[in-house]
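Down below is the structure, laid out as structure tokens.
Every number here is computed from the coordinates shown, using simple stated rules; none is lab data. Computed from a predicted structure; not experimentally measured. All Cβ positions, even for glycine, are placed from backbone atoms using ideal geometry, and neighbour counts span all protein chains on display.
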Number of protein chains: 2
Amino acid sequence: MAKDKKLVEAITSMEEDFAQWYTDVVRKADLIDYTSVKGCMVLKPAGYAIWELIQRQLDDRFKEAEVENVYLPMFIPESLLQKEKDHVEGFAPEVAWVTHGGLNELEERICVRPTSETLFCDFYKNDIQSYRDLPKIYNQWCSVVRWEKETRPFLRSREFLWQEGHTAHADAKEAEERTEQMLNLYADFCEEVLAMPVIRGKKTEKEKFAGALSTYTIEALMHDGKALQSGTSHNFGDGFAKAFDIQYTDKDNKLKYVHQTSWGMSTRLIGGIIMVHGDDSGLVLPPMVAPTQVVVVPVMQKKEGVLEKAREITASLSCFRVKLDDSDKSPGWKFAEAEMRGIPVRVEIGPKDIEAGQAVLVRRDTREKYITPIDDIQKKVAELLSEIQKDMYNRALAHREENTHEARSWDEFNNIITTKQGFIKAMWCGDTACEEAIKEKTGASTRCMPFEQEQLSDVCVHCGKPAKTMVYFGRAY
Amino acid sequence: MAKDKKLVEAITSMEEDFAQWYTDVVRKADLIDYTSVKGCMVLKPAGYAIWELIQRQLDDRFKEAEVENVYLPMFIPESLLQKEKDHVEGFAPEVAWVTHGGLNELEERICVRPTSETLFCDFYKNDIQSYRDLPKIYNQWCSVVRWEKETRPFLRSREFLWQEGHTAHADAKEAEERTEQMLNLYADFCEEVLAMPVIRGKKTEKEKFAGALSTYTIEALMHDGKALQSGTSHNFGDGFAKAFDIQYTDKDNKLKYVHQTSWGMSTRLIGGIIMVHGDDSGLVLPPMVAPTQVVVVPVMQKKEGVLEKAREITASLSCFRVKLDDSDKSPGWKFAEAEMRGIPVRVEIGPKDIEAGQAVLVRRDTREKYITPIDDIQKKVAELLSEIQKDMYNRALAHREENTHEARSWDEFNNIITTKQGFIKAMWCGDTACEEAIKEKTGASTRCMPFEQEQLSDVCVHCGKPAKTMVYFGRAY
């Protein structure tokens, strides 16, 4: 019992300490556990099941987009990592190095992949010979390792699960199209499946991926007003192809370099779900990624007929991910537990309900109650799940809109950053020095240059020189 | 074009050189590629897709058996690996050691998991407090690393994909039941999904897993008469629990040690599928794990109406995993390619067929042809796929039975081992010295003590002392 108690102890409120609230939710919703390996975590059943649902639905969308899955080794020889100059500079400081195999020292040390561009290049170099071999649209589901100093569950850990797509194309245009296609696929997935609205845009030169020509990103706004980079898609042009000598014979019988892209999303998305939708009672899961969509809780379950009726109702809901909680805990306890775990719909059924031929349905997100005739439960649950999914998106969107501000002058920018939270839209000259100065002075980095541009003014919000583009600024995870 | 040619060059025949035949099939069916990392391979789309089908169907069976998926770190600190004496002796000589994170040397070196018993123990030690927390029936899908000297695609590589289940139970009986349940689940999966008959049995003391009380195994017979250990399930008793101090408070308020099991199957199964079912034209895939179950090949596809009809037929087969091969290769080429890749059913459709309102269906396994009215194709394909699945199993079973021999004396054993291939069933005294002598003299190891015992004689086939059990002997991969 001492163990159970931990669950329904009140968690820290968001207002009081958002970071602590996050940690409390992650632990009390039983998503992860810490381990003896610093910076690495255990994904427990409740956490891993969310990832499985993300994976399954994202993979279905990949397959529709003609992506094929493969698996490449987890190791990269040091000489291979070093082939592309910017890339090695970006990653070498944070990789884990293997120096011994069994009892013997290796001739060349190898790192555990932090990302697999170099491995895919090494593979494509042999696999691509002719225009007939193009395009290659490959993806892998795997874990990667980045030896981070500061770690937080889901948001930043030394090992994390993700997918990384790596493509090769005959020309620049096709590569650019694929880069944007995957970014849009990610954005649609976040909005439609995770109920998480995102800004689609391009990273600045300073913020782009090591070795990329351009990086596209989707940026979501968390409940505390900080941004979460939720997925990225990179166009490499022929930079890697030249470094790795990946050429193909075209129809005109000439040797040409391929054009490449890569794109990835990770378990970080689970952190996003928590921070976009959660509340002071715990997790709130979008129905599409809720491992349990409906929990049936019998009230006074020892009374004759209650458990039978609860089982019957559970069976009638088998088209959903449904669970019956027939444990010997009290109903109040079960309610709190179901809320902590973010189960979208709860069905309560007790002796009086049975007598009246009804049950009480409760939404997790709004806590609204619906007295529902037993025969209509299935239909009502279907309705509620679809409404919850939609409403969660709309609430998150409204939150983002309320917390997106426009700054037309440096004074205004400073005023917003000190008094408000969220995104700041502002014009920018395109100069990296200016971008760095803004970050140093305010802590706000450029999140992206959104696809949907507006002309807020003609001059850079910081330096007053002519503006090139509108940028979303924000403090970020 | 030079690249395509590689595919339909004749492969080495099985009779001539089985090992070379295997390598040829693996490469020409486009399952894998070699990499710059010695002993590691790329699983290409055709190879990975088989693994995805195995994974999906095995995972469904796991979920029916109340298994929950989790994910644990890929790293094990050296001190953790060393906690169970037999286990560290078994694995330490073949692990990859990480000594540096980024630019810094680690305080304690960590290895990449060769298997995760020690990590699960470390996790369970905190996660299990009371009898209410039991049983834990967890599994993870991941890759593991064993620094092998000799490697072969799928059969033995330095990194491979697998699942590893790790359970904790309140008592010895429940642990033993789970060990056997999972072994039987594996066996049923191999027989029903992979069409691969297996012998179910127990490993001898010498052959059991490092740290286990007992190890159960399923052993399949390859086409060349060698055995492949295809899945194992281990009962650890409370050995690991004592080494890691995993105790729980029972209902009687006493502290007790948990009893644990682990069980795994890997991409090695793909090697099994190749060597059980393949032939001199390439791969033969059981329909249940064939990424493409039906290929539609238009003949004279430039003639008006042919491609349209082929597309129509393909569309009508969308309830299967179907592909249309409308590339500009010749039909003969496409047939050979479909055979190399092991696609179970081929549909040929040309102008004459269209005129006659029919198509030609060809089974990959027997090459039998069926002239089929166009309207009946869907029904016929369904029939053929189910027949092929069944027939492939029966043929493999017949092959195993023909190649399973009984030896009642040491002369007989020697005679069989020098003139025949396959399994030898013989009585054994139970003495490890005898087991080692047999292996040294003949190269045949004990594969298992089968659940289905027979009393072939009263004395050990080797030493003549009283026999304890019947054993399957064989040369193995």
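Note on A:Cys463/A:Arg367: beta-carbon distance plugged into 1/(1 + (r/R0)^6) with R0 of 45 Å gives a FRET efficiency of 0.35.
Seen against the Cα atoms of chain A and their longest principal axis, helix A:172-192 is set at about 20 degrees.
May I ask you to derive the relative contact order of chain A, considering only C-alpha pairs under 8 Å and at least 6 residues apart, and to give it as an integer percent? Relative contact order comes out at 13 percent.
By DSSP, the beta bridges lying fully in the stretch B:292-386 are antiparallel in about 55 percent of cases.
Return the loop-located GluC sites (Glu not before Pro) in the stretch A:40-84 (DSSP other than H, G, I, E, B) with at most 14 other Cβ atoms within 10 Å of their own Cβ; answer none if there are none.
Taking the stretch A:40-84 and a limit of 14 other Cβ atoms within 10 Å, the loop GluC sites (Glu not before Pro) found are A:Glu66.
Extension gain for A:Glu16 to A:Asn126 (0.36 nm times residue separation, less C-alpha to C-alpha distance): 34.0 nm.
In this simple spin-label approximation, A:Lys242 and B:Arg61 carry label points 7 Å from Cα along the Cα→Cβ vector, and these lie 5.3 nm apart. For the segment B:44-52, counting C-beta atoms of other chains within 10 Å of every residue's C-beta and taking the mean gives 4.
Under 1.5 on a/c is rounded, so check that first for the stretch A:404-474, then, if it is not, pick prolate when a/b is larger than b/c and oblate when it is not; a ≥ b ≥ c are the square roots of the alpha carbon gyration tensor eigenvalues. Note, shape of the stretch A:404-474 comes out rounded. Applying both filters, DSSP loop and at most 16 other Cβ atoms within 10 Å, to the trypsin sites (Lys or Arg not before Pro) of the stretch A:149-215 gives A:Lys149, A:Lys206.
Summing charges over all other residues whose Cβ lies under 14 Å from the Cβ of A:Ala49, with Lys and Arg as +1 and Asp and Glu as -1, gives +1. Partner shielding of B:205-215 amounts to 0, given as the average count of beta-carbon atoms from other chains within 10 Å of each residue beta-carbon. The stretch A:301-338 and the stretch A:141-179 have their alpha-carbon centroids 41 Å apart. As a length-normalised measure over Cα pairs under 8 Å and 6 or more apart, the relative contact order of the stretch A:311-380 settles at 22 percent. For B:Asp60, inter-copy separations between label points set 7 Å beyond Cα along the Cβ vector come to 1.5 nm, shortest first.
The ranking of B:Thr292, A:Thr23 by Cβ neighbour count inside 10 Å, starting from the fewest, reads A:Thr23, B:Thr292. Counting, for every residue in B:63-72, the Cβ atoms of other protein chains within 10 Å of its Cβ and taking the mean gives 5. Size of the protein assembly as shown from its Cα atoms: along the principal axes, largest to smallest, the extents are 97, 82, 64 Å.
What are the aspartates and glutamates whose alpha-carbon lies under 18 Å from the alpha-carbon of A:Lys439, with same-chain residues fewer than 8 places away excluded? List returned: A:Glu205, A:Glu207, A:Glu219, A:Glu406, A:Asp411, A:Glu412, A:Asp431. For the pair B:Ala476 and A:Asp280, label points projected 7 Å from Cα toward Cβ lie 6.1 nm apart. Working note: Cα gyration tensor of chain A, eigenvalues times five, square-rooted, sorted largest first, giving semi-axes of 43, 28, 22 Å. Under 16 Å from a label point set 7 Å out along the Cα-to-Cβ vector of B:Ser316, the amide N atoms of the stretch B:329-360 belong to B:346-360.
Here the sum of -39500 (n - 2.57) over DSSP H runs of 4 or more residues, divided by the residues of the protein assembly as shown, equals -11000 deg cm²/dmol at 222 nm, to the nearest 500.
Please give the helix A:410-419 orientation as an angle from the longest Cα principal axis of chain A, in degrees from 0 to 90, rounded to the nearest 10. Tilt relative to chain A: about 30 degrees.
Sorted from nearest, the other copies put their A:Thr419 label points 10.0 nm away, the label point being 7 Å from Cα in the direction of Cβ.
Counting from the shortest, the label point at B:Glu148, 7 Å from Cα toward Cβ, is 3.5 nm from the same position in each remaining copy. Model label sites at A:Glu440 and B:Glu412, defined 7 Å from Cα along the beta-carbon direction, differ in position by 8.9 nm. The calculated FRET efficiency for the pair A:Asn253 and B:Lys38, based on their C-beta separation and a Förster distance of 45 Å, comes to about 0.80. Applying the criteria of a DSSP loop state and at most 15 other Cβ atoms within 10 Å to the chymotrypsin sites (Phe, Trp or Tyr not before Pro) of the stretch B:132-172 yields no site.
Sequence-distant contacts, meaning Cα pairs under 8 Å at least 6 residues apart, place the relative contact order of the stretch A:18-125 at 19 percent. Highest mean packing comes first when the peptides B:90-97, A:436-443 are listed by Cβ atoms within 10 Å, giving B:90-97, A:436-443.
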